[in-house]
Amino acid sequence: MNDIPKTMKAMVTMGHGDVDQMVLHDDWPTPIPLADEVLIRVKACGLNNTDVNTRSGWYSKSVTDATTGGAFEEVDEEDPTWGGAPITFPRIQGADVCGEIVAVGDNVDPTRLGERVITDNWMRDPSDPDNMDKTGYFGSECDGGFAQYTTIRASNVVPIISDLSDAELATFSCSYSTAEGMLTRTNVNSGDTVLVSGASGGVGGALVQLAKRRGARVIALASEAKHADVAELGPDRILPRTPADLRAALGDEKITVVADIVGGDYWMTLIDILERGGRYVCSGAIAGPMVELDLRTFYLRDLTFSGSTILSPEITRNLVKYIEASEIKPALAATYPLEQLREAQIEFIAKKHTGNIVVTP
């Protein structure tokens with residue numbers, strides 16, 4: 001590590017609150033990899049909702065509002081993270097890293113030096129990798145990639161060979177793995193018609209592409225101003241974000257799967273259009289976590305509801321195969337320098353973009 005500086009530039013989150021809690025440091029200690037870790041020189045790091053929700057404390061059960069990204073007065077410090085536990089500050093957030101391995105710990109094969117990699121963000125217990133209670137998230141329970149360098153367990157970085165730029169590759173780790181996890185959880189296949197809410201966002205756009213890759217028919221919901229961009233992702237149909245009469249807008253379409261990351265007041269409308277035996281899967285609630293459910297719809301139609309958060313290790317590795325085979329493509333909306341992470345996150349929260357936003361050190 002002789003050529004690696006002892007300090008680095010890092011955007012550090014100092015506590016729960018608004019974007020002013022993210023503070024740029026020019027002399028933050030460069031991390032040193034432990035025995036089973038690698039040191040990555042970060043080339044790009046994507047933004048995602050987990051960064052916003054953790055920083056603002058939105059995951060706390062005391063918060064019932066949409067994910068505005070601002071400070072919440074009612075945050076319970078005992079459950080402000082995705083896992084329902086306190087977080088230690090200061091914390092370098094950022095999970096969607098693309099970079100190069102520049103140093104390895106004692107137990108890591110030195111031939112991995114120089115690998116171009118993206119991250120598998122689920123920090124599993126190596127001795128019990130299927131135990132969901134022993135799982136953390138990169139950039140939440142440990143420092144992440146909003147910095148020039150970051151460390152991560154060697155088993156959590158996947159080498160990739162691609163002509164895509166670093167910023168483009170940084171769009172995949174969180175959004176696309178989340179989407180693939182949702183489709184895996186509900187076993188989406190060529191016999192399905194999938195309705196995707198929030199199809200202009202990172203996860204929504206990934207759902208469109210990955211469901212199409214599985215051979216499903218895909219209907220995307222998105223703001224009309226974004227329909228041209230969403231069309232580039234390949235859905236079979238695009239409808240307005242919240243049609244007043246969704247059933248009429250769908251016509252003869254038979255929706256077997258709803259893949260939702262929005263929640264909010266429109267939630268019951270999405271449930272109502274599911275066919276008998278249909279499946280609903282959720283991995284977000286950006287429009288609000290509190291919904292109403294008519295249990296008669298749930299049980300009389302034999303519906304199946306699935307939550308999807310923690311993913312199995314093969315999900316990210318499969319994604320890399322899809323990327324390398326050009327079966328899916330990035331949707332890069334904007335790139336900001338790390339110094340402008342606050343501005344980037346404000347744009348991310350405003351949801352006027354289509355795809356993913358990335359920062360580069």
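At pLDDT below 95, within 29 Å of PHE138 (Cβ to Cβ) and either in the same structural domain as GLY215 (by TED's automatic domain parsing) or over 17 Å from the mean Cα position of the chain (by Cα) (or both): which single residue out of LYS352, LYS321 fits that description? Can you show your working first?
On the way: LYS321 fails: at pLDDT below 95.
Going through LYS352, LYS321 in turn, the sole match is LYS352.
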| request: Kindly provide the set of residues from the range 322-343 that are of a type in the set (Phe, Trp, Tyr) and not in a strand (DSSP E or B), ordered by number. | output: TYR322
| message | Given the criteria closer than 30 Å to ASP27 by Cα, over 15 Å from the mean Cα position of the chain (by Cα) and free of Cβ contacts under 8 Å to residues at least 24 places away in the same chain, does GLU347 qualify? | response | yes
| Hey, which of the strands (runs of 3 or more DSSP E) in the range 120-171, taking only ones fully inside, have at least 3 residues that are farther than 25 Å from LEU207 by Cβ? | 149-153
| query | Which of the residues spanning the range 302-311 are free of Cβ contacts under 8 Å to residues at least 60 places away in the same chain and outside any strand (DSSP E or B)? | reply | ASP302, LEU303
| remark: Condition set out of contact with any Ser or Thr (no Cβ under 9 Å at 6 or more places or on another chain) and either outside any helix (DSSP H, G or I) or not small (Gly, Ala, Ser) (or both), scope the range 200-226, selection surrounded by the fewest Cβ atoms within 10 Å (Cβ to Cβ): answer is GLU224
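Go through the range 21-50 residue by residue and tally those that are outside any strand (DSSP E or B) and either surrounded by fewer than 21 Cβ atoms within 10 Å (Cβ to Cβ) or out of contact with any Gly (no Cβ under 7 Å at 6 or more places or on another chain) (or both). Walk me through it before giving the result.
The first filter runs over the range 21-50 and keeps only residues outside any strand (DSSP E or B), leaving 21, 30-36, 47-50.
Subset that is either surrounded by fewer than 21 Cβ atoms within 10 Å (Cβ to Cβ) or out of contact with any Gly (no Cβ under 7 Å at 6 or more places or on another chain) (or both): 21, 30-32, 34-36, 47, 50.
Adding up the residues that qualify gives 9.
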| field | Which numbered condition ASP18 misses (of (1) crowded, with 19+ Cβ neighbours inside 10 Å; (2) touching a helix residue (DSSP H, G or I) at 6+ places or on another chain (Cβ under 8 Å); (3) not basic (Lys, Arg)) | value | (1)
| query | Among the residues of the range 57-66, is any assigned to a strand (DSSP E or B), buried (at least 19 other Cβ atoms within 10 Å of the Cβ) and not assigned by TED's automatic domain parsing to the domain that holds ALA206? | reply | no
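The values are calculated or read from the model by the stated rules, or taken from the named source; none is laboratory data. Every value quoted in this text rests on a predicted model; they were computed, and no experiment measured them. Ideal geometry is used to build each Cβ from the backbone, glycine not excepted, and the neighbour counts take in all protein chains shown.
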